[in-house]
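Enquirer: Dropping the structure in here first, questions after.
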Amino acid sequence: MSEFKSSQRFHSLKPEQVAVLHQVLSDIVPIHGRGNFPTLKLRPRDIIIAVRASLQKQGIMVRDVRLNGSTASHVLVQDNRMSYKDLDIIFGVELPSQEEFQVIKESVLGCLLNCLPAEVNRERISSATMKEAYVQKMVKVFNDQDRWSLISLSNNSGKNLELKFVSMLRRQFEFSVDSFQIILDRLLESYFSGLQAAGCVPAVEVLAESMYGDFEAAMAHLRYRLIATRNPEEIRGGGLLKYSNLLVRDYRPASETQIKTLERYMCSRFFIDFPDVQEQQRKILSYLKNHFIGEERSKYQYLMTLRRVVDDSTVCLMGHERRQTLNMITVLALKVLGEQNIIPNTDHVTCFYQPAPYLAEHNTPYLTEPSYCSYYIPQGGSTLLYQPYPLHLHTQTGLV
């Protein structure tokens, strides 16, 4: 990012953008409890202020607090086609040792405990119990290049409140459209001081930063739904899944010539980080679960888009490994159709590879992509044939 002046990274929000940000931070977000634990109805700004104060009381200084990810993009560009899910909050902190992780966890869970209804006997509830009741996911990373932790609070509609505590992070974005971070400190101070009139948007300057480096270029990519990045070799394996999601949501490459290189980087990294087909399947299923809540109809399109990218851009695998992965994604797509009752139950799906025609320079046929998937329907005894892309479903007697 050194080729950019620091001023090009920052931008002052317009009053209408500050109004959207104020609304996002002030809207009630339900944190759903498991078992008999009640739903906590929190305003993001209240829990952020409480956690920051608790950390500082425990001796952990907070450099700044930022809104990150799709919600930051939503604040900057209001587009009906763009939806935000997780509310990603980044606390900039110092983590010299792993002891600070425990302090952070106890602080967050203690703040949640204070949010329980007054009639609940809080003295009998441990932090471990609060974790089981309200935490969706908890991650801790501590090494020479990355020191951060994540506490994701449960929300059944997919809008998790994610609190991230970052000391060092090698890569803070994957693509320019998700590189925005909005610095919340001035807004939080206005809430804490109570100087603004009830219901009014605070009249403070709020800065946003693009970790991509060039704020205006990143904003243009966001407005026109373009996919671009820097240093693609640094993107982790999950970047392939995010990229496929952008394609499904009608984003397109900013550069057709560069995108093939980017796709190859992302496929290679995906297979480095998830070398086993079972690991790949778990990662894909987890991504579907976390990013397509309420969008079940988009899952099939997503999986077939992912399959197309893997098919076109994977150069680092042996032939049988590549076919294994393509087969796994195809079966997942079929199962999605089965779950949506677009095709019957898919418990007995098997994909077959047939030899392609002989080539003059080869003495033996070679295996291509799956020419069909066979699905046995127990009730009728018929066989369903599936040609991976585009979708065609056939039986012995015609279309299903």
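Any read-out appearing in this document is the output of simple, stated calculations on the displayed coordinates, not a laboratory observation. Small disclaimer: the values here were computed from a predicted structure and weren't measured. Every residue, glycine among them, receives a Cβ derived from its backbone with ideal geometry; neighbour counts consider all protein chains shown.
Enquirer: Return the FRET efficiency for the residue pair Ala19, Leu150: r is the Cβ-Cβ distance, R0 is 25 Å, and the value is rounded to the nearest 0.05.
Expert: Details: r = 29 Å, r/R0 = 1.15.
Calculated value: 0.30.
Enquirer: Turning to a different aspect of this structure: What is the set of long-range amide H partners of Ile31 at a cut-off below 5 Å, with H atoms built 1.01 Å from backbone N?
Expert: Leu40, Lys41, Leu42
Enquirer: I need to check one value: relative contact order of region 72-214, counting alpha carbon pairs closer than 8 Å and at least 6 residues apart, in percent.
Expert: Contact order relative to length: 24 percent.
Enquirer: Using a cut-off of 30 Å between alpha-carbon atoms, which lysines can reach Lys283, once sequence neighbours fewer than 8 places away in the same chain are excluded?
Expert: By straight Cα distance, Lys283 reaches Lys85, Lys105, Lys131, Lys137, Lys140, Lys159, Lys164, Lys242, Lys260, Lys299, Lys335.
Enquirer: Still on this structure, please answer the following. Over region 39-141, what is the relative contact order in whole percent, taking alpha-carbon pairs under 8 Å and six or more residues apart?
Expert: 26
Enquirer: Still on this model: When the Karplus curve 6.51 cos²θ - 1.76 cosθ + 1.60 is applied with θ = phi - 60°, which whole-Hz ³J(HN,Hα) does each residue of region 213-227 get, with x for Gly and Pro?
Expert: Residue by residue, region 213-227 yields x, 10, 4, 5, 5, 5, 5, 5, 4, 5, 4, 9, 6, 10, 9 Hz.
Enquirer: When only C-alpha pairs under 8 Å and at least 6 residues apart count, what is the relative contact order of region 120-182, in percent?
Expert: About 23 percent, as a whole number.
Enquirer: Multiply the residue gap between Phe192 and His320 by 0.36 nm, knock off their C-alpha separation, and tell me the result in nm, one decimal place.
Expert: The Phe192-His320 span can extend by a further 40.1 nm.
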